[in-house]
1. Among T161, T190, which is surrounded by 10 or more Cβ atoms within 10 Å (Cβ to Cβ) and either more than 21 Å from I233 (Cα to Cα) or without any contact (Cβ under 8 Å) to a residue 12 or more places away in the chain (or both)?
2. Of the residues A135, A166, A196, which is assigned by TED's automatic domain parsing to the domain that holds N271, at pLDDT 90 or above and either assigned to a helix (DSSP H, G or I) or small (G, A, S) (or both)?
3. All but one of (1) part of a helix (DSSP H, G or I); (2) surrounded by 10 or more Cβ atoms within 10 Å (Cβ to Cβ); (3) free of Cβ contacts under 8 Å to residues at least 24 places away in the same chain; (4) of a type outside the set (F, W, Y) hold for L69; state the number of the condition that does not hold.
4. Mind checking which residues of segment 35-66 are touching a residue at least 12 places away in the same chain (Cβ under 8 Å) and touching a Phe, Trp or Tyr at 6+ places or on another chain (Cβ under 8 Å)?
5. Tell me, please, whether a residue that is within 29 Å of P127 (Cα to Cα), of a type in the set (V, I, T) and without any contact (Cβ under 8 Å) to a residue 12 or more places away in the chain can be found in segment 92-112.
6. Mind listing just one residue for me: the one in segment 138-163 that is among the aromatic types (F, W, Y) and in a helix (DSSP H, G or I) and, of those, nearest to G99 (Cα to Cα)?
7. Go through (1) closer than 18 Å to T275 by Cβ; (2) part of a helix (DSSP H, G or I) one by one and return the number of the condition K175 breaks.
8. Keeping to segment 79-120, report how many residues are modelled with pLDDT under 80, aromatic (F, W, Y) and surrounded by 10 or more Cβ atoms within 10 Å (Cβ to Cβ).
Amino acid sequence: MKNLGPWWIRLPLLFFIIFGLTEFFIDSGDKPAFLDQPIVALFLGFIILLLVGIELILASIENVMFQTLSEEAKERYLASKEQGFEWAWGKRMYKKLLGSKPIEAEGEIILDHNYDGIRELDNKLPPWWVYMFYATIIFGVVYLVRFHIFNDYDQDTEYLTEMTLAEAEIEEYKKNAKDLVDVNTVELLTDASDIAAGKAVFETNCVACHMADGGGGIGPNLTDQNWILGGDIKSVFNTISEGGRDGKGMIAWKQSLKPVEMAQVASYVLNFQGTTPANPKAPEGDIIVNPHMDVEGAPAVDSAMIEVEVDTLEFIKTIDEEGTVIE
C-alpha cells in the first residue's frame, strides 16, 4: 500500500471539500450556511468526528495487519510506503511530450562534430512544441478563411457590438441602482415600499417645518396646488437636493440624504396633493397642477404651461396711473 499523504493533510482536505459542497448546495444568502443554520454547523462537527474516527480505525487496521507480516514483508511494505504516491500516467505523458533521450542513450544521437572536445547531439524538437506549432498553423488557416475570404465581422463591427452590449448593461444596471438617480433621471416612485421609505424620511426630517399631514408651518403647505419652485417630481427632487430660495427656505439635503432617499421623499410629498390637513397654511407661490395626479376627466396638463398662463393673467391685470384696474 502506497502512502497517499499524511493524515494531517488528508483530513483537512476532505473536510474542506465537504464544507465547500455544503456551502454550494445550501442557499443561505450572504451569510455562511453554518452561521445561518445551526443544523449545518452540527452536521460539520459530526463530519469532523467521523473523519477522525475513520483515520483512527484505518491506522489500527493497518497496524494489526502489519504485525501479522513476516520480517521480509514488513521491510517491503515500509519501502513501498516510503515511495509515496506516483502518477504513472502523468509521468509517461511528460516524458513523451518532452521527447528527450536519457543520458544512457545519448550515444544514439551524437554527431561527428567535435569542437575542442565538445560534441553535438541531434536532439529533435520536443513534441509539445511541434504540436503547438501545428495548432498555430491550423488557427491561421481558419482565421484567414473566416475573416479574409468569407468577410466575417471586423474589429470595427466587434467594437460597436461590444459598446452596444455595454450600454444596454449600463442601462439595466441603472434601473436597479437607485442611488445613481439625479434630477435628470428621477421618476415618480409608486411602489408601496418606496412610499413607506419616503414617509419615514419625511417624518424624521420634514415634519418640523411642513407638519406630519403636509399642512405647512414654517415651510409651505404641501397639500394645495400652489408651488414656489415647481410641483413635478424633478422640481421637488431638485428643491430637496439643492434647498429652497437663497436666503430663505429649507436647507439643501443632498449632503444628508442619499439620492434614492430624496427620490422616495419627493414621491411621498406629491401624495399630499388633494388631502385635507388639520391646519392648512395659506397658499404660496403659483398654481401648478400636479402632472402626476390622477384627476378623473381632466386632460393631461403641462405644469410649465400653467405657470405661463398665470404670469400672463397677472400681467394683463394692471392698474393705470389713476388707479383704475384694466383687465
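The values are calculated or read from the model by the stated rules, or taken from the named source; none is laboratory data. Remember, it's a predicted structure, so these values are computed and weren't measured experimentally. No Cβ is skipped: glycine too gets one built from the backbone with ideal geometry, and neighbour counts run over all protein chains shown.
1. Details: T190 fails: either more than 21 Å from I233 (Cα to Cα) or without any contact (Cβ under 8 Å) to a residue 12 or more places away in the chain (or both).
One residue alone meets the criteria, T161.
2. Numbers: A135 fails: assigned by TED's automatic domain parsing to the domain that holds N271; A166 fails: assigned by TED's automatic domain parsing to the domain that holds N271.
Only one candidate qualifies: A196.
3. Unmet for L69, out of (1) part of a helix (DSSP H, G or I); (2) surrounded by 10 or more Cβ atoms within 10 Å (Cβ to Cβ); (3) free of Cβ contacts under 8 Å to residues at least 24 places away in the same chain; (4) of a type outside the set (F, W, Y): (1).
4. Within segment 35-66, V40, L44, I47, I48, L51, E55, A59 qualify.
5. yes
6. In the first step, residues of segment 138-163 are kept if they are among the aromatic types (F, W, Y); the result is 139, 143, 147, 150, 153, 159.
Now restrict to residues that are in a helix (DSSP H, G or I): 139, 143, 147, 159.
On the way: F139: 24, Y143: 30, F147: 36, Y159: 43 Å.
Of everything passing the filter in segment 138-163, F139 is nearest to G99 (Cα to Cα).
7. If we test K175 against (1) closer than 18 Å to T275 by Cβ; (2) part of a helix (DSSP H, G or I), just (1) comes out false.
8. Final tally of qualifying residues: 0.
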